[in-house]
Amino acid sequence: MPLHLTKHQRIELSLLLQLGHSIRAAAAVLGVSPSTLSRELRRNTNPRQTRYHAGNAERLRLARRAKANEAKRKLTSAHQPLVVLIEAKLRLYWSPEQISGWLVATRHALRVCAQTIYDWVYASRRDLLIYLRSQKQKYRRTRANTLRRRYRDELFAARRIDRRPAHVMARQRYGHWEGDTVVSRKSTARIGTLVERKSGYLRAFVLPSGRSDGFARAAATALAVVPQRYKQT
């Protein structure tokens with residue numbers, strides 16, 4: 001199998017040839033066979049130039065590789081019916097995963113994987129990006145997405161522990177509580193605790209699970225017997 005020269009080897013080969021070295025001598029310096037250099041000069045020398053140039057050789061190699069890869073791609077003008085079909089499905093807000101699965105389920109003559117569709121859209125049809133549900137961490141607006149964003153806004157709108165007023169941090173007033181969870185190392189038992197910061201008064205309760213909503217319900221029950229004026233934060 002013939003070896004391919006690296007970019008640095010092409011630069012060295014260009015310099016060696018300019019200094020008048022023969023192909024056999026240059027092959028000895030580069031540590032490759034003379035046939036590899038002959039193949040390199042034959043394939044990557046610009047016909048309009050008389051001398052081998054490393055930069056031009058690299059460009060010719062990349063162009064040849066791109067042409068070879070293009071021949072293997074399914075989403076090209078050679079398969080226009082498949083391109084039209086995938087574009088129509090994308091405009092209906094089908095995901096590439098759905099399209100790929102549908103092609104398999106319907107036993108379509110040509111099939112492509114979801115990643116091929118993504119690559120085609122980002123490389124050749126960026127006008128279809130607006131129909132993708134996920135656009136490099138930029139999501140299409142849906143009702144579910146709106147609900148999730150509203151839920152996150154509600155969480156961040158709540159008063160956070162690191163934004164407590166100075167009098168709370170100094171334990172100057174009653175009614176400010178701290179919650180915590182105690183988990184057993186030998187079992188799945190969990191205990192929730194609420195401590196009033198100024199007095200040290202403790203309310204403890206058993207937690208049915210480790211979920212935050214379960215802690216919230218149990219904490220509300222434990223604080224139900226506490227007068228309202230002692231429930232501030």
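The values are calculated or read from the model by the stated rules, or taken from the named source; none is laboratory data. Please read these numbers as outputs of a predicted model, since none were measured by experiment. Because the Cβ atoms are built from the backbone with ideal geometry, glycine has one as well, and the counts that use them run over all protein chains shown. We work out accessible area using only protein heavy atoms, side chains counted, and drop any ligands, DNA or RNA first. Shrake-Rupley method; radii C 1.70, N 1.55, O 1.52, S 1.80 Å.
Brief remarks follow.
- The residue that is farthest from Leu132 (Cα to Cα), counting only those in the range 105-117 that are open to solvent by 80 Å² or more (accessible area, probe 1.4 Å) and part of a helix (DSSP H, G or I), is Ala105.
- Yes/no for Phe205 being open to solvent by less than 50 Å² (accessible area, probe 1.4 Å) and part of a strand (DSSP E or B): yes
- Condition check for Leu62: exposed (fewer than 14 other Cβ atoms within 10 Å of the Cβ), modelled with pLDDT under 85 and in a loop (DSSP other than H, G, I, E, B): no
- When residues of the range 182-191 are limited to those that are of a type outside the set (D, E, K, R) and at pLDDT below 80, the one farthest from Gln232 (Cα to Cα): Ser187
- Looking across the range 208-233 at every residue that is in contact (Cβ under 8 Å) with a residue 40 or more places away in the chain and not in a helix (DSSP H, G or I), the one that is most open to solvent (accessible area, probe 1.4 Å) is identified as Gln232.
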